[in-house]
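Visitor: Please read through the structure below; I'll follow up with questions.
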Amino acid sequence: MGFTPVYLHICKKSKIFRICLHLILCFLFCIIPIISCSDAELLENAELFADLLLQQEKFEEALPVFELVLQNNQTNASSWVGIGDTLYGLQRFEDAIQAYDTAISLSSDKPDILKKKGDAFSHLLKFNEALTTYSAAIDLNQTAPEYWKARGDVLQNLQRFEEAIQSYDTALKLNQDDPDIWKGKGDALEKLEKFEESLQIYEHAITLKPDDPNLWKAKGNALLNLEKFEEAIFVCDKAIGINPTDADIWKQKGDALCSLEKFKEALYAYDEAIEINPDNSELWKQKGTALENLQEYGKVIDTYNKVIEINPEDYNFWTRKGDILLSNQDYQAALAAYEEAIRINPDNAESWSRKGDALSGLMEYDSAMDAYDMAIGMDLDEPRFWMSKGDLLQILQKYEDATNAYDKAITLNPGDARLWKKKGDALLGQQKGEKALFAYGQAIIINPDEPEFWKAKGDALLTLGKKTEAKIAYGIAIGKNPDNAQFWSSIGDVYQELCEQESALDAYEQALKLGANDPDLWKKKGDTHYGLQQFDNAIDAYKTAISMNSLEPEYWKAKGNVYLTLENYDEAVKAYDKAIEINLDEAEIWIRKGDALSGLQKFEDAITAYKEALERDPDNISGVSGIKNASDALAVNETG
């Protein structure tokens with residue numbers, strides 16, 4: 001008949017039953033006096049005592065007593081319910097269901113037993129079976145609010161939220177004073193993203209039971225979803241005041257603080273949650289997020305290592321750890337993290353793509369390309385993978401292939417302005433200015449407020465010789481971000497092209513004020529001073545550029561040119577010699593050196609310099625005329 005406990009096979013006869021029951025009551029439960037009485041009386045006392053043990057949640061002690069009672073009377077429905085409740089308390093839910101089934105077959109009070117059976121199914125996550133059982137209980141008794149509430153709960157687990165709300169509403173018609181029913185309805189509304197309605201429900205439930213921390217926690221979650229973060233923090237504090245040992249409430253408070261960018265306070269909240277529940281990887285993850293925002297990357301890695309320690313097979317977090325290492329340019333460690341993620345889940349395209357990023361950072365370009373191709377092979381429809389491949393092809397100066405990769409990405413996501421901008425860069429690398437201009441224009445149409453796109457458009461226009469239009473584009477970029485030194489440097493270049501020297505100088509100086517620490521910028525500033533015949537300022541600018549990079553021959557040549565103009569030939573020769581020492585093969589430097597030597601009337605040395613120039617550039621007119629002029633001057637000196 002249904003469930004048959006193991007103990008029932010031990011005591012098969014009344015005499016054995018009487019002895020066993022006496023022993024249990026004497027040696028285990030001395031509070032019931034054992035006197036000479038009939039089996040019926042003894043059985044009744046035993047059943048009462050088993051019920052008492054059950055009420056005290058002493059499930060292990062209650063189980064053998066119920067089983068012995070049932071050995072003598074297997075048609076006792078209440079004892080089958082009792083043993084079912086005991087097994088439920090021991091989390092032996094399958095056995096509990098068998099006991100409840102036996103009780104149902106013997107009892108006239110079926111609805112309550114069906115409710116208990118449904119609860120056991122719910123614990124086993126057998127929600128469809130639970131729903132059927134609760135519905136059967138409701139068919140027998142439609143006026144019990146707890147049945148409707150249980151039905152609503154299981155419908156939520158089945159993600160049938162509208163039906164769940166209907167069940168809760170029926171339960172509330174029968175009992176409007178149960179805060180748990182109100183909370184269930186609020187939870188269902190929240191799953192439907194009806195956050196304002198759920199908030200109102202939780203607030204009403206709190207008026208019924210203001211000391212229930214779970215209601216305050218639910219209200220806090222609704223406020224978080226409504227992005228009412230300050231209010232959420234207040235509510236979390238109320239919940240913490242009632243129950244300071246609930247890690248979920250501390251996490252909720254941390255999440256609200258993170259949303260307000262109060263990361264140090266959020267960190268404290270997450271630490272409190274972790275102290276309560278140190279083995280919850282989600283708490284460590286959130287702590288890591290707060291540390292990321294505080295840019296405490298060493299601690300971030302330690303935190304993510306803890307997540308991995310708790311759940312070493314979480315490939316997503318190996319990838320996340322790799323991302324942090326990648327952002328800090330620790331490419332080798334990032335690569336190791338991504339490879340571990342791939343070991344755990346070799347079919348995760350994202351991990352392969354990130355591996356490509358790490359290999360690209362290590363300049364292992366062939367392996368990086370293989371990784372990107374693996375990612376694309378797993379997910380052809382992810383535009384980011386095509387974009388990453390395009391970026392690598394640009395690094396390799398394979399601009400046509402890069403353009404094709406960006407085209408693939410754009411086909412998948414035509415509304416991503418970054419992709420159009422990158423395509424424009426690749427086209428500009430192919431000297432396809434008009435097509436690049438179109439691509440930048442598309443990026444601007446999608447996002448006209450991004451200054452980088454306007455700057456890129458200015459670059460394309462300048463390449464096409466449209467200097468005035470380029471100046472306008474750079475001006476718009478500066479208007480959107482006046483603190484970008486590169487924008488000022490670019491508009492300075494176009495001012496130079498337009499021979500607007502004063503404006504160019506102002507632009508370069510503004511770029512330098514904004515912290516641009518670029519020797520080329522100092523060289524441009526020197527050139528502008530030179531064009532304005534501000535020779536001392538030009539020399540100072542060139543000296544600064546040289547101090548930043550003494551191995552660039554153009555800086556020495558520019559410095560020499562100023563001294564040549566000032567007829568300071570000795571200093572000019574010294575500067576040109578430094579340039580030649582770095583780069584022997586530029587004919588122009590030899591020409592300038594020859595001119596300086598001629599100025600010093602060292603005509604033989606000048607002729608040698610001009611010849612060096614002609615060896616490198618035989619068609620150089622200045623070299624030919626320089627030799628003639630120096631030779632003529634030498635002849636005059638000799639005849640004189």
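Visitor: Tell me, which residue of region 72-87 that is hydroxyl-bearing (Ser, Thr, Tyr) and crowded, with 22+ Cβ neighbours inside 10 Å is nearest to Phe121 (Cα to Cα)?
Guide: My answer is Thr86.
Visitor: Please pick out the residue among Glu203, Glu227, Glu197 that is of a type in the set (D, E, K, R), more than 30 Å from Thr303 (Cα to Cα), in contact (Cβ under 8 Å) with a residue 12 or more places away in the chain and open to solvent by 70 Å² or more (accessible area, probe 1.4 Å).
Guide: Of the residues listed, the single one that is of a type in the set (D, E, K, R), more than 30 Å from Thr303 (Cα to Cα), in contact (Cβ under 8 Å) with a residue 12 or more places away in the chain and open to solvent by 70 Å² or more (accessible area, probe 1.4 Å) is Glu203.
Visitor: Another question, then. How many residues are over 16 Å from Asn481 (Cβ atoms) and either among the acidic types (Asp, Glu) or open to solvent by less than 20 Å² (accessible area, probe 1.4 Å) (or both) if we restrict to region 457-466?
Guide: Number of matching residues: 2.
Visitor: Hey, does region 313-324 have a residue that's open to solvent by 60 Å² or more (accessible area, probe 1.4 Å), assigned to a loop (DSSP other than H, G, I, E, B) and closer than 15 Å to Ala337 by Cα?
Guide: yes
Visitor: For region 496-509, give me each residue that is farther than 12 Å from Lys525 by Cα and assigned to a helix (DSSP H, G or I).
Guide: Once the filter is applied, which keeps residues that are farther than 12 Å from Lys525 by Cα and assigned to a helix (DSSP H, G or I), region 496-509 yields only Glu497.
Visitor: Separate question: Exactly one condition in (1) aliphatic (A, V, I, L, M); (2) at pLDDT 95 or above; (3) surrounded by fewer than 22 Cβ atoms within 10 Å (Cβ to Cβ) is not met by Ile491; state its number.
Guide: (3)
Visitor: Now a separate question. Taking region 537-579, which residues are hydrophobic (A, V, I, L, M, F, W, C) and surrounded by fewer than 22 Cβ atoms within 10 Å (Cβ to Cβ)?
Guide: Within region 537-579, Ile539, Ile546, Met548, Leu551, Leu564, Leu566 meet the criteria.
Visitor: I'd like the full set of residues that are among the aromatic types (Phe, Trp, Tyr) and open to solvent by 40 Å² or more (accessible area, probe 1.4 Å), limited to region 494-515. Full working, then the answer.
Guide: Pass one, region 494-515, residues among the aromatic types (Phe, Trp, Tyr): 495, 508.
Answer for region 494-515, where residues must be among the aromatic types (Phe, Trp, Tyr) and open to solvent by 40 Å² or more (accessible area, probe 1.4 Å): just Tyr495.
Visitor: Turning to a different aspect of this structure: Test each condition in (1) in contact (Cβ under 8 Å) with a residue 24 or more places away in the chain; (2) within 20 Å of Leu566 (Cα to Cα); (3) buried (at least 16 other Cβ atoms within 10 Å of the Cβ) for Gln601 and report the one that comes out false.
Guide: The single condition Gln601 does not satisfy is (3).
Visitor: Report the residue count in region 69-125 for those that are of a type outside the set (A, V, I, L, M, F, W, C), assigned to a helix (DSSP H, G or I) and over 16 Å from Phe59 (Cβ atoms).
Guide: 14
Visitor: Could you check region 434-456 and list, in sequence order, the residues that are open to solvent by less than 60 Å² (accessible area, probe 1.4 Å), in contact (Cβ under 8 Å) with a residue 24 or more places away in the chain and in contact with a Gly (Cβ under 9 Å, 6 or more places away or on another chain)?
Guide: The answer is Ala436, Leu437, Gln442, Ala443, Pro451, Phe453, Trp454, Ala456.
Visitor: Also, quick follow-up: Looking at (1) of a type in the set (Asp, Glu); (2) buried (at least 16 other Cβ atoms within 10 Å of the Cβ); (3) in contact with an Asp or Glu (Cβ under 9 Å, 6 or more places away or on another chain), find the lone condition where Asp595 falls short.
Guide: (3)
The values are calculated or read from the model by the stated rules, or taken from the named source; none is laboratory data. Because the structure is a prediction, the values reported are computed rather than measured. Please note: Cβ atoms are built from the backbone with ideal geometry, for glycine as well, and neighbour counts cover all protein chains shown. These area figures cover heavy atoms from the full protein model, side chains too; ligands, DNA and RNA do not enter into them. Shrake-Rupley method; radii C 1.70, N 1.55, O 1.52, S 1.80 Å.
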